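Visitor: The structure follows.
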Amino acid sequence: MKKKLIFIGLGILVVFLLMLGTYKLMNSRTYQVFGGLTDNVETNEKVVALTFDDGPSKNVNEILPLLDKYDVKATFFLIGNEIEKYPEEAGKIAEAGHQIGNHTYSHRRMVFKSPSYIKAEIEKTDKLIQNAGYKGEIDVRPPNGKKIIGLPYYLNKNDRETITWDLEPDSYYTTASDKVKYVKENIKPGSIILMHPMYDDTGKELQAIEGILRELTNEGYTFVTVNELQEM
């Protein structure tokens, strides 16, 4: 009876460790089983990439003039079904010379999905991005940064990388001033900053973005796209 209890206990421990490992792998910003992953780039140059997830939305009409004000090119990871709703805004991003990335078609978590589902989510969105007028290389960012095996395997098979980030002010703070302070205190050459301005109707995210642009520019940083950052 004692041995049986020991074996049951070991079995429970093994299952727990497997579940914990799967959870950590799914949420890792710096590691995956297959293919390349970029969360920042090692460089001595004071360059950073500012990236926006989700959308497009009508807020594009406020974001683009702000980027123009500081002569900045950013990277927009767009959702396929949102591009269908706002094709004009997606076209404006491409026309302005910003990089557009693939944030899947449905924005559902890309874990425990079939290969055919993953393929459709990525390739359908690729076509929508191209139809919007974007001609460059299309990087991929998983929704919520979550991935285990299927998505990394598909991307690796197609010679594409997973793009994550190393600074995420929206995850820790709500006020614009706190977000700016967080970025200013944690920034380093080669960082990738993640922000979510597409559905903000308060204007606070735009304030945070402008504060980050202003403060980092004053510190001598240059903003580049993810593709440009990877080339360094």
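Visitor: Regarding the range 54-69, can at least one residue be identified that is within 15 Å of the chain's Cα centre (by Cα) and acidic (Asp, Glu)?
Guide: Taking every residue of the range 54-69 in turn, at least one turns out to be within 15 Å of the chain's Cα centre (by Cα) and acidic (Asp, Glu).
Visitor: Give Ile187, Ile209 a once-over and let me know the one that is touching a residue at least 60 places away in the same chain (Cβ under 8 Å), over 22 Å from Leu64 (Cβ atoms), buried (at least 17 other Cβ atoms within 10 Å of the Cβ) and among the hydrophobic types (A, V, I, L, M, F, W, C).
Guide: Sole residue among the options that is touching a residue at least 60 places away in the same chain (Cβ under 8 Å), over 22 Å from Leu64 (Cβ atoms), buried (at least 17 other Cβ atoms within 10 Å of the Cβ) and among the hydrophobic types (A, V, I, L, M, F, W, C): Ile187.
Visitor: Can we say Lys146 is surrounded by fewer than 17 Cβ atoms within 10 Å (Cβ to Cβ), basic (Lys, Arg) and touching a residue at least 40 places away in the same chain (Cβ under 8 Å)?
Guide: When the stated conditions are applied, Lys146 passes them.
Laboratory data are not the source of any read-out in this text; all were calculated from the coordinates shown. This one's a predicted model, so the numbers in the text were calculated from it and none came from an experiment. FYI the Cβ positions are ideal-geometry reconstructions off the backbone, even for glycines, and counts take in every protein chain you see.
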